[in-house]
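Heads up: the structure comes next, in structure tokens.
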Amino acid sequence: MELANARGVEVLGVDKSFGDTSVLRSIDLEVEPGTSLALLGPSGCGKTTLLRLIAGLERPDAGEIRVGADAMAGNGVWVPPEKRNIGMVFQDWALFPHLTVGKNVGYGLPRAERKGPRVLEALDMVGLADLVDRMPDTLSGGQQQRVALARAIAPRPTVLLLDEPFSNLDSALRVGVRTEVHRLLVELGVTSIFVTHDQEEAFVLGDSVAVMQDGQIEQIGSPQEIYRTPSSPWIASFVGDVNLLSASGQGVVADTIIGQVPLAEPANGPIDVLIRPEDLSIAPDGPGTVTLTEYYGHDMMVTVELDAGNELQVRAAARASWTRGDTVSVAYVGDAANAFA
């Protein structure tokens, strides 16, 4: 099955309110054709509303939305959702319980094509062609999620939107299905936009990530850029474990409670230095005390309380054997760190 050529998406100065409540303010966004973007943010930040605006399920109050070279909304233009050639996978999958898997997948196709090869082609792509005659309530959660995806790609959209598509799966199943969907979207080459509040999911699925808060986009960049060079302390803490150390900038270094830390940009005076747990090392004996350990199999997180009352999180190797009460020293071993004035 071949999808139509992928098209990019542009959102230009979009505002949206519901009554007196402003939900989106001055949203600017560009998604290159054939790439994936993750909209990441806490609940209520406006990311699902933005997805619905792109799909045509809501109208913007101001601004413009374009798919490829074509205006979809804004400046007197309005293209209804069924004319946009955009597929959408909803959070609850929205399968019709009274229709078979095949009829669910064919629902968005022209009537003449609902019994044609495109239904089986779409199901084959998600590995469910042998379940065409099953009813949705006989399927597992992962299978239902893949049926919803097959229904979205059957009309061969140029853009695919996914609203928290894995949130209803248990954690073990979620990782496997997420990998399958990621691989499929890469193979299809379709432009895709995901909504998620899960930082790990955003980093795995997104070629780029847009972090949202309170109806605005705070930062857009690659997963590496968002993680290593966040634009604010809030983003730093939202996208992963972080230590923000009060320090004194001395040009290209900062004086901190664990010694001097090199800075990515020169700074002078009071600053907060961003230090990820993996940028620290831990060794026996020293002024710190281990107060908590969390073992993850591939590594472990060690919380260390320093004499001054500060706590640091240190990511240690899985084979380490730190336990509560150990006295330790902590040192900085990362690259030049970012800081906030």
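Bear in mind these aren't lab numbers, they're just calculated from the coordinates by the rules spelled out. These numbers come from a predicted model, not from an experiment. Please note: Cβ atoms are built from the backbone with ideal geometry, for glycine as well, and neighbour counts cover all protein chains shown.
Key figures
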item	result
Sorted by Cβ neighbour density within 10 Å, fewest at the top, the residues ILE257, ILE54	ILE257, ILE54
Proximal charge balance of GLY127 [Cβ under 12 Å; K/R count +1, D/E count -1]	-1
Max mean-square fluctuation residue, GNM over the chain, Cα-Cα springs under 10 Å, options ARG156, ARG114, ARG146	ARG114
Alpha-carbon gyration tensor eigenvalues x 5, square-rooted, for the range 19-91, Å	19, 16, 12
Gaussian network model of the chain, Cα within-10 Å springs - most flexible of ILE258, ILE217, ILE193	ILE258
Max mean-square fluctuation residue, GNM over the chain, Cα-Cα springs under 10 Å, options ALA71, ALA210, ALA320	ALA320
Integer Hz, Karplus 6.51/-1.76/1.60 couplings in order for the range 260-271, x for Gly and Pro	7, 10, x, 10, 5, 10, x, 8, 9, x, x, 8
Cα-Cα P(r), the chain, percent of pairs per 20 Å interval	27, 47, 24, 3
Net charge over other residues, Cβ less than 13 angstrom from the Cβ of ARG111 (K, R count +1; D, E count -1)	+3
Calculated [θ] (222 nm, deg cm²/dmol) that DSSP helices of n ≥ 4 give over the chain, each run adding -39,500 (n - 2.57)	-6000 deg cm²/dmol
Cα centre as origin, Lys/Arg/Asp/Glu Cβ charges: the chain dipole, Debye	1500
Low-density loop positions, chymotrypsin sites (Phe, Trp or Tyr not before Pro), the range 175-258 - DSSP coil, at most 16 other Cβ in 10 Å	none
Alpha-carbon Rg with Dmax, taken over the range 201-341, Å	15.9, 48
Per-residue HN-Hα couplings for the range 324-340 [Karplus 6.51, -1.76, 1.60; θ = phi - 60°; Hz; x = Gly/Pro]	4, x, 4, 8, 9, 10, 10, 9, 8, 10, x, 6, 4, 8, 8, 9, 10
